[in-house]
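Structure record follows, encoded as structure tokens.
The values are calculated or read from the model by the stated rules, or taken from the named source; none is laboratory data. All of these numbers come straight from a predicted model, not from anything done at the bench. So basically every Cβ, Gly included, is an ideal-geometry build from the backbone, and we count neighbours across all protein chains shown.
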Amino acid sequence: MEAFIIHGGKPLKGEIEVRGAKNSAMPILAASLLSREPSIIDNLPLIEDVRRFLEIIISLGGKVEWLGERTIKIIPGNLNLKNINQSSVKKLRASVLLIAPLIHRFKKFKLAQPGGCLIGARSIDTHLDALCQLGVKIKAFPSFYHYNGSDLKNGEVVLGEFSVTATENILMLAALLKGKTILKISALEPHIEDLVCFLKKMGAKIKVKSPHIYEITGKESLKGARHTIIPDPIEAGTFLILGTALRAKILVKNVKIEHLDLVIKKLKEIGARIKIIAGKNNLKDIMVLPSYRLKGFKIQTQPYPGIPTDLQPPFGVLATQAEGTSLIFDTMFEGRLKYIDELIKMGANAIIADPHRALITGPTPLYSQEINSLDIRSGTSLLIAALLAKGKTVIKDAYQVDRGYENIDLRLKKLGADIKREKLQ
């Protein structure tokens with residue numbers, strides 16, 4: 001197991017670029033399997049979850065050619081279920097996105113139950129219910145599901161909640177399903193918009209009928225396409241919060257700011273000094289300037305365009321540096337607040353009121369400690385805490401952060417952070 005070793009308290013300054021969106025990459029990689037023609041994906045983030053997903057595609061018989069540092073060609077013409085890497089499926093929550101493409105390619109198959117971050121109950125019941133509404137027959141077993149898509153039917157699908165991945169699965173399934181499908185209660189996150197853009201390039205007919213309602217007219221086949229993944233709004237938001245918490249001067253480059261409207265508004269209300277600058281390719285750069293005074297705040301996670309649950313942990317760390325008591329309310333996952341126990345070890349004045357709410361009073365100095373990287377987002381948030389803390393902090397299980405953030409230690413080091421990796425015995 002690798003750990004991050006951080007000596008905190010160092011002033012940070014410089015530039016950091018936002019990479020491709022993790023949450024866009026996974027469904028777009030899955031969607032490439034809907035066609036037998038090659039697709040080219042640009043701006044792919046070089047993160048562990050992407051590597052695991054590509055392992056699954058290769059185990060299915062798909063070919064992956066690297067055309068550049070972050071550009072790949074996927075050649076999915078000859079897929080075979082015989083050697084699918086079920087071990088990687090078990091470890092990867094995003095493997096649930098394979099359901100729709102595999103239904104169209106094979107009709108019947110079994111797929112291990114997906115893994116992922118330990119952030120509370122993450123049932124795929126919404127997926128299963130939605131698939132059943134389109135005629136998929138599903139049998140559940142202790143370690144896997146068996147899917148039968150021999151009798152698909154178009155129609156109306158009403159999701160049980162604003163599920164991002166269930167929305168993506170139905171969009172992919174309906175894209176090749178003869179007739180018209182209406183998808184209601186759909187999520188509208190930026191990465192869903194990115195997937196829809198890719199599907200349209202492949203030839204899919206998808207319309208937004210009204211907020212949270214898609215109309216999909218199925219095609220007999222889809223073609224390969226080339227697509228550039230959007231910049232990651234979660235990574236951008238994390239870097240903005242990092243600069244604000246550390247009162248640093250940091251230029252965050254390649255940001256699609258319309259994906260962060262409420263996040264930026266909330267940061268300004270808290271006391272962040274943010275200046276938006278024209279960037280390249282219709283993107284923006286954001287300069288974070290040292291803040292004078294940070295005020296306590298209340299955040300409540302909501303579906304897009306609300307505050308995303310993935311940015312709740314960085315806001316929790318920011319609360320330790322703000323004056324007064326802040327309320328953190330995560331409406332989605334009851335395990336998202338576990339990182340606060342690690343912050344308390346570091347000296348934070350915090351109370352977990354219930355599985356969804358916490359109160360954090362600041363400002364409080366944070367101190368070095370040996371702590372655990374519990375999942376992708378909490379691990380990265382604890383990196384921010386370690387950069388604030390005096391002394392040497394050890395954050396175990398660096399892999400959790402690597403799953404969602406590309407070479408985060410090297411990028412932070414360029415800002416002046418004293419950070420390295422070590423293998424633990």
I want to confirm something. Restricting to the range 234-275 and keeping residues that are under 18 Å from the mean Cα position of the chain (by Cα) and without any contact (Cβ under 8 Å) to a residue 40 or more places away in the chain, which single residue is surrounded by the fewest Cβ atoms within 10 Å (Cβ to Cβ)? Glu258
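Can we say Leu374 is crowded, with 19+ Cβ neighbours inside 10 Å, among the hydrophobic types (A, V, I, L, M, F, W, C) and assigned to a loop (DSSP other than H, G, I, E, B)?
Details: crowded, with 19+ Cβ neighbours inside 10 Å: yes; among the hydrophobic types (A, V, I, L, M, F, W, C): yes; assigned to a loop (DSSP other than H, G, I, E, B): yes.
Answer is yes for this residue.
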Check whether at least one residue in the range 41-60 is free of Cβ contacts under 8 Å to residues at least 12 places away in the same chain and under 17 Å from the mean Cα position of the chain (by Cα), and report yes or no. yes
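Going residue by residue through the range 125-133, is there one that turns out to be in contact with an Asp or Glu (Cβ under 7 Å, 6 or more places away or on another chain), over 18 Å from Ala187 (Cβ atoms) and either part of a loop (DSSP other than H, G, I, E, B) or not assigned by TED's automatic domain parsing to the domain that holds Asp397 (or both)?
No: zero hits.
Can you find, within the range 68-99, the residue that is surrounded by the fewest Cβ atoms within 10 Å (Cβ to Cβ) among those that are of a type in the set (Gly, Ala, Ser) and under 22 Å from Leu44 (Cα atoms)? Show your work before the answer.
Initial filter on the range 68-99 (of a type in the set (Gly, Ala, Ser)): 68, 77, 87-88, 94-95.
Now drop any that are not under 22 Å from Leu44 (Cα atoms), which leaves 68, 77, 88, 94-95.
Details: Gly68: 10, Gly77: 12, Ser88: 20, Ala94: 24, Ser95: 26.
Within the range 68-99, the match that is surrounded by the fewest Cβ atoms within 10 Å (Cβ to Cβ) is Gly68.
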Cross-chain or 6+ apart pairs with Cβ under 6 Å, the range 313-329 first and over 12 Å from Lys266 (Cβ atoms) and touching a residue at least 40 places away in the same chain (Cβ under 8 Å), then surrounded by 24 or more Cβ atoms within 10 Å (Cβ to Cβ) and of a type in the set (Phe, Trp, Tyr): Pro313/Tyr339
Go through the residues of the range 387-407 one by one and say whether even a single one is buried (at least 18 other Cβ atoms within 10 Å of the Cβ), outside any loop (DSSP other than H, G, I, E, B) and of a type in the set (Asp, Glu). yes
